[in-house]
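A short worksheet on the structure shown next.
The values are calculated or read from the model by the stated rules, or taken from the named source; none is laboratory data. None of the values given here were measured: they were computed from a predicted structure. Cβ placement follows ideal geometry from the backbone for every residue including glycine, while neighbour counts extend to all protein chains displayed. In case anyone asks, the SASA skips ligands and DNA or RNA and just uses the protein heavy atoms, side chains included. Shrake-Rupley method; radii C 1.70, N 1.55, O 1.52, S 1.80 Å.
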Amino acid sequence: MNPVLGLSCDLAERETPTSFASRLAIRNNSGGAIEFCLDMGLEWNALIRGDASEIARLAELSGAHASTLQRFACRVVAGGRMRIGRETLIRGSIIRTRPRACPYCLRDSIAENGFAGAFCRADWRLVSNRTCELHHIPLLSLPSEQHSKENYDFAAIVRKHWPQITNIANIATDRAPSDLEHYLRKRLSGWRGEALIDRLSLPVVCKASETLGARVEFGTDLRFSDLSEPKLHVAGGTGFEILQAGADHLRGVLLDLKAEFAGRFAYHNRDLGMFFAWLNCHFRSSRDAKALADLVREHIVENYPLEPGVRILGRRIDNPRCYSLTRSRRSLGVRREKFARLIASTTAVSDDEANQPANLTQQQMEALQAKANDMMTIVEASCTLGCRYEQVVRFIRAGLLVQRRDKAAVPYLSRMEVEALVAPVRDLKAARPGPKLSPLASVYKATQASVHEIFHHFLEGRLTSARRDPTKTGIEALLLEPEEVMRCLAPPSAGDPPMAHVARQLRLDTRTIRYLEKRGELRIYSARHPYMRGQRCFVGAVELRRFQKEFITVGELSAILGILSGPLAIKLDAMGLRPRKVPRRVRRIYRRADIEQAFDLDLQRTSRTTLE
């Protein structure tokens, strides 16, 4: 395009139309940009507003391409907003009345073209762009003029303050541009990606990066207004790196901010600091941060106790997913002591109040509810089973029920296991008591067998004639044939002595015999006594003979030698005879061969090895 003006300038990279008009005024020896526009029939205020027709007339006068000149014009749109290219800006994100520049860029351009080369880039007007991408020095803020529209006459301002600019250029310090500043220039050039940060407007990207980075770098003690330019530069880079890494990384950082404050209470306002304060304030006036607000709101709902009906970032939360301890305890309807034990059993922490978590998540609350519903006392279990308290205790001793203990050693039973124990009775066919079918209590009296023994045979499917009395509940509803029960109550194997007899013979207590059973050296089982018909514990004769052949107890040796067990044990220790290594409160056991060699005895003949 042929210029109308005899003297023109080349358009600089990312230069604004007002900067270009200011340079043309100096190039044509005009008194300033405002006077130049009056002489050329241009409206200076229209150029400031980014009017497309006025920018086109300026391009026609200078011979510049209208589309290139229009590309980085700051256009005023409705609602006090501005647009540069495809990006929408707000007043707080752009500097219009206080020019900024890179001293080195101006020095190089003025050295080549005089003050007609003093251009202003569009990205220099962004508040969050604080560093020159070419020379890696901080941008310089120039003094403002008396009248606001004179602040757009950039070349004239540079010429007016050139001595101060050159002095500052000589002492400027190096500072590398942050990733946020590179990203801002990239967005101004028209690029837009698909990541979370790319769906946000530039003002949101700038402010979110700086507030989040300031919270991460400087904690919660500083206010945003107290941050200096260098700190804002650091904060912007840190926050941008977090946002650019994606939603999952941002969630992890938010959790780390929450973890900085250890204690029983958690507050999202405190933990997120100025980042949440800005987001909450911004979201009330604009919805261009919706993607970011949704993510932060989800984090707060998931990790902080909220009262139903509270509004978080513009949305009412009626069903919180995180509960305070007080609300959780009231919801469960349990006492404070039991609630502390429930937390300790489900969250793997101490039941001490000082070590309790600050709040409970939805998953933890569901686990607590399930745990509280499953725990029941023996009294409650007796009501469910339809039997007496003592009978439930016998079921526990017989191994049909497992008694557990919580962190405070308080015993309880599992409701699920209790229900499973009585479920087979509920599944039986209904029948009425008659000559053949008798209630469990009557069968117990007729057979002299314990209730848990009879019920154990029923659970194993040996009592096929079992039926259910529809007028009763629990195990009281069980109907059995006494003759069938008698056939299931088998006597012990021939030759197996009762455990009480073995204890007297070996001079041992029950604890030691059970210890030997646990190690597999003795076999103990429960069976019906052939004459008394009561349930007894018997010891396998084969295993007993094998044990006596290899070992001898201190009690047996005491009877043979006629020495009390205590002095005998001291004498054996003095002789260097060591017993087997056994747990505490278990009687001493020696190897028979060591005793025979030490005392020169034939214990096989001296001791009574057969059980009468």
Restricting attention to segment 195-213, does a residue exist that is within 44 Å of the chain's Cα centre (by Cα), loosely packed, with under 14 Cβ neighbours inside 10 Å and at pLDDT 90 or above?
no
Could you pull out the residue among 522, 601 that is open to solvent by less than 60 Å² (accessible area, probe 1.4 Å), part of a loop (DSSP other than H, G, I, E, B), at pLDDT below 90 and of a type outside the set (Asp, Glu)?
601
Does at least one position in segment 257-264 carry a residue that is charged (D, E, K, R), without any contact (Cβ under 8 Å) to a residue 40 or more places away in the chain and surrounded by 16 or more Cβ atoms within 10 Å (Cβ to Cβ)?
no
On the basis of being touching a strand residue (DSSP E or B) at 6+ places or on another chain (Cβ under 9 Å) and without any contact (Cβ under 8 Å) to a residue 60 or more places away in the chain, does residue 294 make the cut?
yes
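Counting only residues that are out of contact with any strand residue (DSSP E or B) (no Cβ under 8 Å at 6 or more places or on another chain) and closer than 15 Å to residue 365 by Cβ, which one in segment 321-339 is most open to solvent (accessible area, probe 1.4 Å)? Lay out the reasoning, then the answer.
Kept after step one, since they are out of contact with any strand residue (DSSP E or B) (no Cβ under 8 Å at 6 or more places or on another chain), are these residues of segment 321-339: 326-327, 329-330, 332-339.
Pick out the ones that are also closer than 15 Å to residue 365 by Cβ and you get 326-327, 329-330, 332-334, 339.
On the way: 326: 66, 327: 68, 329: 51, 330: 180, 332: 24, 333: 66, 334: 24, 339: 8 Å².
Here the answer is 330.
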Residues satisfying the stated conditions in segment 265-287, i.e. modelled with pLDDT under 75 and open to solvent by 40 Å² or more (accessible area, probe 1.4 Å):
265, 284, 285, 287
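With respect to residue 175, is the statement that it is part of a helix (DSSP H, G or I), at pLDDT 90 or above and not assigned by the TED database to the domain that holds residue 290 true?
Numbers: part of a helix (DSSP H, G or I): no; at pLDDT 90 or above: yes; not assigned by the TED database to the domain that holds residue 290: yes.
For residue 175, the condition - part of a helix (DSSP H, G or I), at pLDDT 90 or above and not assigned by the TED database to the domain that holds residue 290 - is not met.
What number of residues in segment 309-320 are in a loop (DSSP other than H, G, I, E, B) and either more than 24 Å from residue 259 (Cα to Cα) or open to solvent by 70 Å² or more (accessible area, probe 1.4 Å) (or both)? Break it down stepwise before answering.
Here is the first cut: in segment 309-320, the residues in a loop (DSSP other than H, G, I, E, B) are 309, 313-314, 318-320.
Restricting the remaining residues to those that are either more than 24 Å from residue 259 (Cα to Cα) or open to solvent by 70 Å² or more (accessible area, probe 1.4 Å) (or both) gives 309, 314, 318-319.
Going through segment 309-320 one residue at a time, the tally reaches 4.
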So, in segment 24-41, exactly how many residues are crowded, with 21+ Cβ neighbours inside 10 Å and more than 19 Å from residue 99 (Cα to Cα)?
3
Count - residues of segment 59-109 that are under 21 Å from residue 139 (Cα atoms), open to solvent by 20 Å² or more (accessible area, probe 1.4 Å) and at pLDDT 90 or above:
5
Taking the options 21, 56, name whichever one is surrounded by fewer than 17 Cβ atoms within 10 Å (Cβ to Cβ) and assigned to a helix (DSSP H, G or I).
56
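Residues of segment 467-479 being open to solvent by less than 30 Å² (accessible area, probe 1.4 Å) and either modelled with pLDDT under 90 or assigned to a helix (DSSP H, G or I) (or both), which ones? Explain how you work it out, then say what you get.
As a first pass, look at segment 467-479 and keep what is open to solvent by less than 30 Å² (accessible area, probe 1.4 Å): 469, 474-475, 477-479.
Passing the criteria: 474, 475, 477.
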Among the residues of segment 363-379, count how many are over 14 Å from residue 331 (Cα atoms), hydrophobic (A, V, I, L, M, F, W, C) and exposed (fewer than 15 other Cβ atoms within 10 Å of the Cβ).
1
Qualifying positions in segment 552-595 - under 21 Å from residue 516 (Cβ atoms), outside any helix (DSSP H, G or I) and open to solvent by less than 70 Å² (accessible area, probe 1.4 Å):
552, 553, 577, 579, 580, 582, 583, 586, 589, 590
Tell me, yes or no, whether segment 133-153 has at least one residue that is crowded, with 20+ Cβ neighbours inside 10 Å, assigned to a helix (DSSP H, G or I), in contact with a helix residue (DSSP H, G or I) (Cβ under 8 Å, 6 or more places away or on another chain) and polar (S, T, N, Q).
yes
Within segment 187-229, count every residue that is touching a residue at least 60 places away in the same chain (Cβ under 8 Å), in a helix (DSSP H, G or I) and either assigned by the TED database to the domain that holds residue 85 or more than 21 Å from residue 281 (Cα to Cα) (or both).
3
Sole miss for residue 233 among (1) touching a helix residue (DSSP H, G or I) at 6+ places or on another chain (Cβ under 7 Å); (2) buried (at least 18 other Cβ atoms within 10 Å of the Cβ); (3) closer than 26 Å to residue 130 by Cβ is condition (1)
